[in-house]
Amino acid sequence: MEVRDSVAMLRKALARLDPPHRQVLLMRYEDGLSYGEIAAASGLAIGTVMSRLFNAKRKLRAIWEQLEEEQREESRR
């Protein structure tokens, strides 16, 4: 049950992430592409890919924490 809840929460978090960050994150971790492959596929410089991935992970972590807080608040009601 916990895994299912975590997957659902991850989907919600990804949906809240802005499209450019979500795109590189999914290309890296869902598709398994290297930085160079992401750069070639997206037309971005490798440095931009690296920066976007860094920021995407940071933003995803913040969204995840927000979703956890929302769940805690709901469970208190």
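The values are calculated or read from the model by the stated rules, or taken from the named source; none is laboratory data. Every value quoted in this text rests on a predicted model; they were computed, and no experiment measured them. Backbone-built Cβ (ideal geometry, glycine too); neighbour counts: all protein chains shown. Calculation scope for accessible area: heavy atoms of the full protein, side chains included, ligands and nucleic acids excluded. Shrake-Rupley method; radii C 1.70, N 1.55, O 1.52, S 1.80 Å.
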Residues that are among the β-branched types (V, I, T), open to solvent by less than 80 Å² (accessible area, probe 1.4 Å) and without any contact (Cβ under 8 Å) to a residue 24 or more places away in the chain, drawn from region 22-73: I38, T48
For region 5-53 the number of residues that are modelled with pLDDT of 95 or more, assigned to a helix (DSSP H, G or I), within 14 Å of the chain's Cα centre (by Cα) and among the charged types (D, E, K, R) is 4
